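The values are calculated or read from the model by the stated rules, or taken from the named source; none is laboratory data. Given the structure is predicted, the values throughout are model-derived calculations rather than measurements. As a convention, Cβ positions derive from the backbone with ideal geometry for all residues, glycine included, and neighbour counts pool all protein chains shown. Heavy atoms of the whole protein, side chains included, go into the accessibility calculation; ligands, DNA and RNA do not. Shrake-Rupley method; radii C 1.70, N 1.55, O 1.52, S 1.80 Å.
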Amino acid sequence: MAEARWAAAAAALGVVWLWWEVVGCGAQPVVVGSYGQPRLWLKPYDWSYLRVELPPSFSSVTMDFATDRDIQREHLKDLPRRDLAIICLMNSNPPIPDISDLFLDISNFLVVGSFGSTNNQSNLAQCIPFQKNTTIVLRNDQISPGIWYIGYFNGLGPARTQSKMISRGRARSVSTSITVEGCPTSALWGPYCNQTIEMISCSQSSGYNNSRNLMGLNIDKRKTLNTREHTRRINFLSQWNHLEEKGVGSNSTTYARMDNLITCAISNGSLCLRQGDMKFYFLDVVDLALQFEITATNFGLAQRSSLICYLRYNAFPRRDLHDYSGDISSAPLVLKLPNIGRWYIAIETVNITQTNSTASTPLLDTTCFSLEWQVTGCLNGKAGTNCSYEAYVLQRVPKRSPSVPFESYYVPSDGRASLEYSHFSLEQFLSNSSFEPFAWTYFFLDIPQGSAGALIHVQIKSDKELNYELYSKYGGLPSNESWDYYASRTSSSNGSVYFSLQNSTNSDMDLSIFYAKEGTWCFGVKHPSDKANSQTYMSISLQGCHKNCNQKGACHSSIDESGLTFYSFCTCDRDHGGFDCNDELVSPNGHIWQSVFLIASNGAAILPAFWALRQKAFAEWILYTSSGISSALYHSCDVGTWCILSFRVLQFLDFWLSFMAVVGTFIYMATIDESSKRAMHTAVFILTALLAATGATRSANIGIVIAIGSLGLLIGWLLEFSTARRFVCWPWRINLNVPQSWPNLRSLFWNSLDLLNKRFRWFYLLLGFVTLAFAATSWKLESNRSYWVWHSLWHITIYTSSFFFLCSMRIDTVNHSPEPSYELTRQNSLPRSEPRET
């Protein structure tokens, strides 16, 4: 199995030879991928992700963002975190900008033109604020190919994941257009598609079995377009690594070093570099390797130039931007434990000298040499520097009834561990080593595609004191010098914002890697060579949320805007927030006070309910009483005290009955007959139910409800006046003579004022409008931090305003039907009719 994997690695080995002299024009890039999103709406404290895949052959990517907000960089420091709207770009991981204060440091925010520059190539996300129109163009020498994630955030800070009944603020929109360009054919390559590709071959040898003729083992040779033709001799060399035997002490143990070697070479005279030239190569490492080595040999005697080699992982190296460098004219450049993926290599000549001959001797501006590179790995499930340590492949076992997608655990695939359990005994898999005090054991696992929004949870438990160290690395073998994350009983790499070591004791080690990259991970356990008589269990799992949101929230999952990646997140309770609900936002005493205010303030509903009961207005009494009770029950559930029904049902009842109480008060102020009241109440039931069901917490609802109530009152008065024939004094024919019609208008005006004066108590009516204005102000001022204060005042003022409005109605107007006035009017016009008793 290992031989087959290394054969695949050899088949993917590629080398590029290209001249750094671009002359003329290359082919025009073509669009190889595009994505368009017309508009994405983000509510306050809302966020979303977009996955973007850049193929290895891409030449450039253009990202256009259009938002409805324009935040200038100089104003960023004045904005609170809750008002920040930003766009973040991150390689391999969905960004979490408020997981650490490093993300929220405004000095780390970039200007548009600085994406991909030398000063921001870190593990932090690269963020920019929302602006009206932003265009970012990145070439393949600025960012690496692979998977990138764009994060859209409207509001940051721990409160982003806190549960909120009311989330005041303005929703923001952002439109995205992404275009990925590449070269039109596979024979063209480069940021500007001005380089060609030619195919040559390579060879492989193994220290464990006989050499083979590898079919399809290729190297790419690339050169710049429109350059002169060069004739090159390519020779292929094969090397063998033989078995090495080592004995230690009297009880000597024999170890077989089983190496798989891939070798490519270009002989003397075939490579020549002029001063100022650079040549580029690439090497695809598709499996875990021990090292690869680059050597320059066969220099001419008169040549005294230095050959500087630059290496960069997954992107083109530059003099000012590379991962490794060295002078290969004096010593080979060796890269230990390289990561899986594409490595780019650049070679240039420096310090060209002039010979001590006559002045007519030309300057040596050309250096010729042979170049050789080798990739070495282990066979037969071995790993480590001498291929002497055990390496195991872990298989993924999905959990039954997972709470989030991709939830699973990993166990060794050799059959010694049961698939029924998420943990396995560690001692039976540890490496043996009698010549070193410590040994290594490696475990490899694959994170599936689409699960970059999950976390890797590793736990080691023992019945004795742990003496293990755990190293992890993405796409390569970890070691003492090269690792991504490290943990032991006494220390860890907790400087990383995507790593957490928690609840560790002398016999327990518990760590998590947030939003783990898709692909191959390796975990190396460094342990004493002599196995202690202990029982140690190890578990590795893929989970949704860190520590299950610390039991202070619920773990949820969503899908990014491209539909290709799931990501998990916590929805915390009312008192906590943060990435894992570990930030306390409300103290226990504060929680008690908030609960008391929000629940007890609904007692203000007693005022209008008592008045309605005294006036035998039983429908209104039921309405006010049920509104106060449902609001108290809803807030009891909202603060986490007690939920008699589901949260959604209680929220709907609270807002719907509150809206009905406001509108019902207005309708009651119009003394119309019961049939008209029932018709108006039915219409209001439907309208307020729609408001409560479609967007109960909208800020505009209070204005809509007051408008509906005012309209109901106006319609009620019109019905009342038309029924009682209040406008009989108005002539049926319109008199266009203004001097003659003015007395009628004046009489109508004073009659209306007299009617209103007899109907209302103006002092209570004024108090009703004042308290209603206070209620509207409280509703508008509600925010996440001060919600409990203003919403409690909303309860008190809205019920108090209803009470004052009801008290403003005179008793005789409420108790008497408008019908008597109608009969008295008939008496004056028809003397035969008998007047009714009033």
Subset of region 52-68 (residues that are part of a loop (DSSP other than H, G, I, E, B) and open to solvent by 40 Å² or more (accessible area, probe 1.4 Å)): 55, 56, 57
Cross-chain or 6+ apart pairs with Cβ under 6 Å, region 35-57 first and farther than 21 Å from residue 157 by Cα, then buried (at least 20 other Cβ atoms within 10 Å of the Cβ) and among the polar types (S, T, N, Q): 37/176; 51/565
Among (1) open to solvent by less than 10 Å² (accessible area, probe 1.4 Å); (2) in contact with a Cys (Cβ under 9 Å, 6 or more places away or on another chain), the one test that residue 643 misses: (1)
Subset of region 458-474 [closer than 29 Å to residue 403 by Cβ and either touching a helix residue (DSSP H, G or I) at 6+ places or on another chain (Cβ under 8 Å) or surrounded by fewer than 19 Cβ atoms within 10 Å (Cβ to Cβ) (or both)]: 459, 461
Enumeration of residues in region 327-340 that are open to solvent by 20 Å² or more (accessible area, probe 1.4 Å) and part of a strand (DSSP E or B): 327, 333, 334, 336
Filter result (touching a Lys or Arg at 6+ places or on another chain (Cβ under 7 Å) and farther than 20 Å from residue 800 by Cβ) within region 639-675: 639, 640
Odd one out for residue 567 among (1) assigned to a loop (DSSP other than H, G, I, E, B); (2) modelled with pLDDT of 85 or more; (3) over 26 Å from residue 800 (Cα atoms): (1)
Any chance residue 558 is farther than 30 Å from residue 793 by Cβ and not assigned by the TED database to the domain that holds residue 151: yes
Region 136-161, residues that are outside any loop (DSSP other than H, G, I, E, B) and farther than 20 Å from residue 95 by Cβ: 137, 139
Residues satisfying the stated conditions in region 668-721, i.e. charged (D, E, K, R) and in a helix (DSSP H, G or I): 674, 677, 678, 720
Flag for residue 442 being modelled with pLDDT of 85 or more and touching an Asp or Glu at 6+ places or on another chain (Cβ under 8 Å): yes
Residues that are out of contact with any strand residue (DSSP E or B) (no Cβ under 6 Å at 6 or more places or on another chain) and closer than 18 Å to residue 457 by Cβ, drawn from region 408-422: 421
Filtered residues of region 542-564 (kept if surrounded by fewer than 20 Cβ atoms within 10 Å (Cβ to Cβ), touching a residue at least 60 places away in the same chain (Cβ under 8 Å) and outside any strand (DSSP E or B)): 561, 562, 564
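Conditions (1) under 29 Å from residue 534 (Cβ atoms); (2) of a type in the set (Gly, Ala, Ser); (3) in contact with a Gly (Cβ under 8 Å, 6 or more places away or on another chain); (4) in a strand (DSSP E or B), marked per residue:
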| position | (1), (2), (3), (4) |
| --- | --- |
| 439 | yes, yes, no, yes |
| 446 | no, no, yes, yes |
| 451 | no, yes, no, no |
| 457 | yes, no, no, yes |
| 460 | yes, no, no, yes |
| 465 | yes, no, no, no |
| 472 | yes, yes, yes, yes |
| 476 | no, yes, no, no |
| 479 | yes, yes, yes, no |
Any hit, region 87-100, residues being hydroxyl-bearing (Ser, Thr, Tyr), assigned to a loop (DSSP other than H, G, I, E, B) and buried (at least 19 other Cβ atoms within 10 Å of the Cβ): no
